[in-house]
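The values are calculated or read from the model by the stated rules, or taken from the named source; none is laboratory data. For clarity, every value in this text was computed on a predicted model and none was experimentally measured. As a convention, Cβ positions derive from the backbone with ideal geometry for all residues, glycine included, and neighbour counts pool all protein chains shown.
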């Protein structure tokens, strides 16, 4: 079974749970369906956008190398490294602190303004508002139903991305 087939199986299973709510009432079905799809799209969109951002950073060599695992376990804070110069360490740490600049703001807005993140959130808000405006919103059903989409979305995202 391929990863796409596994992800589609998870989504289909979630949809079967949603369809089972139709046996109770159509209002419950609409709340569960909207919550499920909203949270599923948000999780999948954010996962894809995050993966794309990481791939771009790795390709552009914008990541810091990590110490080897054994060194990290034995000396997590680097206290036993040779030639420990506190002034140099303070300078390095201050250089790492990001101030609000045009470049840092541009990177932050670029990551947050990804269509893969914005469209699912727009779907979430518009779906919530449409349920509310039509008198169909039942918060006691809607909020727990978000969990179903989160579980299915995170399981599917692990398979897809």
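Remarks
- Some residue of segment 115-128 being closer than 21 Å to residue 25 by Cβ and either under 12 Å from the mean Cα position of the chain (by Cα) or touching a residue at least 40 places away in the same chain (Cβ under 8 Å) (or both): yes
To keep it simple, each residue is scored yes or no on (1) touching a residue at least 24 places away in the same chain (Cβ under 8 Å); (2) buried (at least 20 other Cβ atoms within 10 Å of the Cβ); (3) within 12 Å of residue 156 (Cβ to Cβ); (4) in contact with a strand residue (DSSP E or B) (Cβ under 7 Å, 6 or more places away or on another chain).
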| residue | (1), (2), (3), (4) |
| --- | --- |
| 7 | yes, yes, yes, no |
| 13 | yes, no, yes, no |
| 30 | yes, yes, no, no |
| 48 | yes, no, yes, no |
| 53 | yes, no, no, no |
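- Residue that is modelled with pLDDT of 70 or more and more than 30 Å from residue 127 (Cα to Cα), where the choices are 97, 4, 43: 97
- So residue 114, is it surrounded by fewer than 16 Cβ atoms within 10 Å (Cβ to Cβ) and at pLDDT 75 or above: no
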